[in-house]
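Here's the structure, in structure tokens; my notes come after.
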Amino acid sequence: MGWMEMMDPGVYRLLWWGLGHHSQQINVAAMVSVWYFVATMSTGAKPLNETVCRGAFILYILFINLAAAHHLLVDPGLSSEWKIWNTSYAMYLAVLASMIHGYTVPASMEVAMRRKGYNKGIFGWFAKLPWKDPGFSAVALSAIIFGFIGGITGVTLGTEQINIMAHNTLRIPGHFHATVVGGTTLAFMGLCYYLVPLIFQKDFYMKKLARIQPWLFGGGIVVMSLGMSFAGTYGVPREPTTVTSAEPSSKPVLILLPIFFSDYWVSAV
Amino acid sequence: VIAFIGLLLFLVLIVAAVFFGPSFKGQKMPTWQTEQEQKMTDDLISKGYEEEGKDYHVKTPGTIALVLIFLLSFAIYYFANWAALADLWHIR
């Protein structure tokens, strides 16, 4: 429109990710709310400490904006000090929020299950959780995939030095498929198993198939996410169109790419 | 492919329930759990914090064990990445 003499790509990227990353965090906050809701509905769990849980949501609001800097780790216009401050000390306070929720949700379920009398050993309560309830199993898998795959890869990839190896490789989509699809989408699928009867007052058909649905979807996402992460470790680039420029050592992994990319349609739908 | 089948199955289940599912208007909402399990869950939900009082204990050894497994997984992955970085960037 001619308003600016020159567009600075560095400023553009800063604004883009400054707004973009915490729009993702809205999904994360909603997903965590679904965890608490379904934990209560399926097991009778109550948050161990409501103040701490609410405080964790405030940590998201305060610090996730700074964490947007992890998208800019290879940008030349920003200093190392700026990147390290925003992606380590500051970002970890947002990660702390997820870790608080990651503890309090299963812990509240453990307390509820033990109160029901499932006290055998350390994991007796865990085995007795309502795994046949698709709403519960979807949310449990969501928390496991989000934490163990999405969380661990996310914090590691957000480290400036390690990001140099991983930037623009298939490891990045491997990470966010675990958080967005395996975490958020699966949690909302689980929520639907409670919302549909509550809103429409109608029951489900094919309940046996409903029981395996979260395992199919969650299992598929785990395979895809880990596949992408391993492929990225071999140097497979993030953009499929540039795949011919990959390292020769990655060639065996490229055979698996059609399988990984077929799952892109899942996200698209 | 597995995830795609899971997604299709989800869509079929939800659409079938919303448009053609058997109505339970005026009756108790169907549950995925046994009646006994659901009763115990309902009892826990209906109790307030005040009512539970000092009996509300928060010993969570199972969750602590899960947290330790998580931290160990994180440490292995994180330091394996630093080792890989050290292989690529030789410090002279």
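The values are calculated or read from the model by the stated rules, or taken from the named source; none is laboratory data. It should be emphasised that the depicted structure is a prediction, and the values quoted were computed from it without experimental measurement. Cβ: placed from backbone, ideal geometry, glycine included. Neighbour counts: every protein chain shown.
On the given criteria, is A:ALA67 under 17 Å from the mean Cα position of the chain (by Cα) and surrounded by 16 or more Cβ atoms within 10 Å (Cβ to Cβ)? In short, yes. Here B:MET40 passes the criteria (1) within 7 Å of chain A (Cβ to nearest Cβ); (2) within 19 Å of A:TYR205 (Cα to Cα) except the one numbered (2). There is no residue in the range A:114-131 that is surrounded by 23 or more Cβ atoms within 10 Å (Cβ to Cβ), of a type outside the set (Val, Ile, Thr) and farther than 19 Å from A:PRO47 by Cα. Annotation note: of A:LEU209, A:LEU186, the sole residue that is modelled with pLDDT of 90 or more, within 28 Å of B:GLY21 (Cβ to Cβ) and either surrounded by 24 or more Cβ atoms within 10 Å (Cβ to Cβ) or within 7 Å of another protein chain (Cβ to nearest Cβ) (or both) is A:LEU186.
Mind checking whether some residue in the range A:49-66 is in contact (Cβ under 8 Å) with a residue 60 or more places away in the chain and hydrophobic (A, V, I, L, M, F, W, C)? Among the residues of the range A:49-66, not one is in contact (Cβ under 8 Å) with a residue 60 or more places away in the chain and hydrophobic (A, V, I, L, M, F, W, C), which makes the answer no.
Those helices (runs of 4 or more DSSP H) of the range A:46-138 in which at least 3 residues are in contact with a Ser or Thr (Cβ under 6 Å, 6 or more places away or on another chain), considering only elements entirely within it, cover A:91-115.
With respect to the conditions (1) part of a helix (DSSP H, G or I); (2) free of Cβ contacts under 8 Å to residues at least 60 places away in the same chain, A:ILE221 falls short on a single one, namely (2).
When A:ILE162, A:ILE122, A:ILE144, A:ILE172 are checked against the criterion of being more than 9 Å from chain B (Cβ to nearest Cβ) and over 19 Å from A:HIS21 (Cα atoms), a single residue qualifies: A:ILE144. Kindly check whether there is at least one residue in the range B:52-62 that is touching a Phe, Trp or Tyr at 6+ places or on another chain (Cβ under 8 Å), more than 7 Å from every other protein chain (Cβ to nearest Cβ) and either at pLDDT 80 or above or over 20 Å from A:MET99 (Cβ atoms) (or both). Yes, that holds for at least one residue.
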